[in-house]
1. Report, ordered by chain and residue number, the lysines lying within cross-link reach of Lys274, taken as a straight Cα distance under 24 Å and ignoring same-chain residues fewer than 8 apart.
2. Mind checking which aspartates and glutamates have their Cα closer than 13 Å to the Cα of Lys134? Skip sequence neighbours fewer than 8 apart in that chain.
3. Using alpha-carbon pairs under 8 Å, 6+ residues apart, how would you state the relative contact order of the chain in percent?
4. Which percent of the accessible area of the chain is formed by carbon and sulfur heavy atoms (probe 1.4 angstrom)?
5. Pick from His207, His37, His147: which is most flexible by mean-square fluctuation in a GNM of the chain where alpha carbon atoms under 10 Å apart are linked?
6. Quick one: which residues, 5 or more positions from Gly69 or on another chain, have an amide H under 5 Å from its amide H? H modelled 1.01 Å from N in the peptide plane, none for Pro or chain starts.
7. Which is farthest toward the positive dipole end of segment 23-171 among Ile83, Ala162, Tyr133, measuring Cα position about the Cα centre, with Cβ charges +1 (Lys, Arg) and -1 (Asp, Glu)?
8. Give the separation of the Cα centroids, segment 79-144 to segment 186-210, in Å.
Amino acid sequence: MDISDFPTRHPYGLGLWQNHIERILAGWVRELAVPIHYGHDVTGFAQDRAGVDVELSDGRSLRAQYLVGCDGGRSLVRKAAGIDFPGWDPTTSSLIAQVEAAEEPELGMHRNAFGVHSFGRLEYEIRNGEVTYKDGGPLGVMVTEEHVGATRKPTLRDLSEALVAVYGTDYGIHSPIWISRFTDMSRQAAAYRDRRVLLAGDAAHVHYPVGGQGLNTGVQDAVNLGWKLAQVIKETSPESLLDTYHAERHPVAARVLRNTMAQVALGRPDDRAKAAAETVSELLGMDEPRKRFAAMQSGLDIHYDLGEGHPLLGRRMPDLDVVTAGGPRRVFTLLHDARPVLLNFGEPGGFGPAPRPDRVQLVDAQYTGTWELPALGEVAAPTAVLVRPDGYVAWVGDRAEAGLADAVTTWFGPPAAA
């Protein structure tokens, strides 16, 4: 859906292969000097009041204060923690692969009574908004399977049979680089935390992979949890702060499950589903429905329930171009240290010293443009905002308004004992 008129620095969806995203994130992690142990499977764990003992496939064990299961939809961590994974069984199943082929299929998207299928080359260019595939090289294949329910690892034969069922030929596919299966199974962990064990990403929620929402949701899980876990480990915040992770992120993923299930229903190949899809398409041609659903699918409408107040409260802070004592800055660059920021748009120095300067960075800033949010439109310009390390607004007010001290304590810990 078109978001080119959204008030955001990047008003588009980015169709980027997952291997590129993994490469970019892995490079960033290496810059942070975070140790990564590849090829070590977790086989189990035991937690107590002080930490978690994690058992590895090579017979070793690790002791940690907390364990975060980011181990996918079949998460061993989730299962070992005894956390339920309720939801809906699959109604459609697709194979996706990269292979070589003896014959050249018609590239692009195709539909039939089974569903949607496609062929494409790994090498392509986008010219005037259209995908232009380069000649030769491996073939990307997606094909909807005739039957749902297979649970074993897919093989080249499975892919061949699925192609024959749809096209009458398998185009002589051979030499697979990889083959995978995805379905519209939709499930969500009943709890994102069991004492010292937490879940994030696909371990916490799985759904039909439409619109890149799974990746977006999983990364935001990690960003929401990361700064909270750091504060608890550093003993600047009580352990109860971790309960806000489930409270905030569980409703977000529940909504993603709902909208992806709706999109699967609208995409079915029967005439009744087509009629419903055409009706919805007419609605999405109108500005208000388009903006509402585009904001939801892009994750730009997320609103954490932090109580009544200014429309910014609990929403993603706009990445404004502000002027500070140090010169022009983007708001989001102020968050690169993973510290909360109190932005004062009123009289410079009006706040005096920052509340809890050991934990909160006070920045006097000027901004003369319109304040606008993707899901809400224009909002009243605030005098001051307290922005959490994950970019969401924890407090809106002015120097004379109560609540700032409470917000700082709630999110960034109580004052140190004298």
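1. Filter leaves Lys291.
2. Glu104, Glu123, Glu125
3. Relative contact order comes out at 13 percent.
4. Answer for the chain: carbon and sulfur cover 53 percent of the accessible area.
5. Fluctuation is largest for His37.
6. Leu198, Leu199, Ala200
7. Ile83
8. 25
The values are calculated or read from the model by the stated rules, or taken from the named source; none is laboratory data. Owing to the predicted nature of the structure, the values given are computational and were not obtained by experimental measurement. Cβ coordinates were reconstructed from backbone atoms using ideal geometry, including for glycine residues, and neighbour counts include every protein chain displayed. For the accessible areas, the whole protein counts, side chains as well, though only heavy atoms, and no ligand, DNA or RNA atoms are used. Shrake-Rupley method; radii C 1.70, N 1.55, O 1.52, S 1.80 Å.
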